[in-house]
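A short worksheet on the structure shown next.
All of the numbers you see were taken from the coordinates with simple rules; none came from a lab. Since the model is a prediction, treat every value here as computed from it, not as a measurement. Cβ sites come from the backbone with ideal geometry, for glycine too, and all protein chains shown count toward neighbours.
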Amino acid sequence: MQANSDLSLLSLIGNASLPVQLVMLLLLIASVVSWAFIFSKWSALKRADAQTSRFEEDFWAGGDLTVLQQAIASRRSEYGALARIFDSGMTEYLKSRRAQNRGDALLDTPRRAMKAAFQREVDTLETHLNFLASTGSVSPYVGLLGTVWGIMHAFMGLSTMQQATLAAVAPGIAEALIATAIGLFAAIPAVLAYNRYTSKIDRLAMRFESFIDEFLNILQRQVH
């Protein structure tokens, strides 16, 4: 599309009515923020997956659990969510042993501690996903609102013309449809990212839960 054309993208946006321009601005801001969250969440989940794999490798290497806990404390940047879940459970287990608890009471506090730590870590991983979900579901309707307003404004302008032609109404309709296009541009990446990241977080959560069960079994064998 030629830059000097009356129907160029920039001219259509510049000539749009103020409500339509506000809708476009709102959608552009939502799109920029969504992309920022998409990239930051991609990096966070990639790091969380690598840290989980690194901790699982160290845990199942068969070393002393107290030594592993000390390693986590001294190199926290190298470990992630699963290591923190383990640390919370191990800390409570050692406290229970010092309190001379026996049987199920010895494992009750580490179980509760790890469940609480698990929920905190999953909540952290899910940060900003609600924004992506809202952007994906609401943006098309916001864009449609701008389109409806723009088309209504274009047809109202025909009432002042002696002869209504398609050429007269086309620019108004075109600028109104841009709002729908921007709404879809904001919504589609947000929906795709939300679905993909939700799946990744679910898989990590399953790994966390499996580890909690296996770790409790190890502690139970030590108790008996």
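Quickly work out the residue 18-to-residue 105 label distance, labels modelled 7 Å from Cα along the C-beta direction, and quote it in nm with one decimal.
Spacing of the two 7 Å Cα→Cβ label points: 7.2 nm.
Please compute the length gained on full extension between residue 137 and residue 173, using 0.36 nm multiplied by the number of residues separating them and subtracting their Cα-Cα distance.
Length gained, residue 137 through residue 173: 10.6 nm.
How far apart, in nanometres, would the label points at residue 202 and residue 40 be if each is projected 7 angstrom from Cα along the Cα-to-Cβ direction?
2.5 nm
Assign one of three labels to segment 68-142, namely rounded, prolate or oblate, based on the Cα gyration tensor with a ≥ b ≥ c the square roots of its eigenvalues; rounded applies when a/c is under 1.5, prolate when it is not and a/b is larger than b/c, and oblate otherwise.
oblate
For the pair residue 116 and residue 70, what calculated FRET efficiency results from E = 1/(1 + (r/R0)^6), where r is the Cβ-Cβ distance and R0 = 30 Å, to the nearest 0.05?
Rounded to the nearest 0.05, the efficiency is 0.85.
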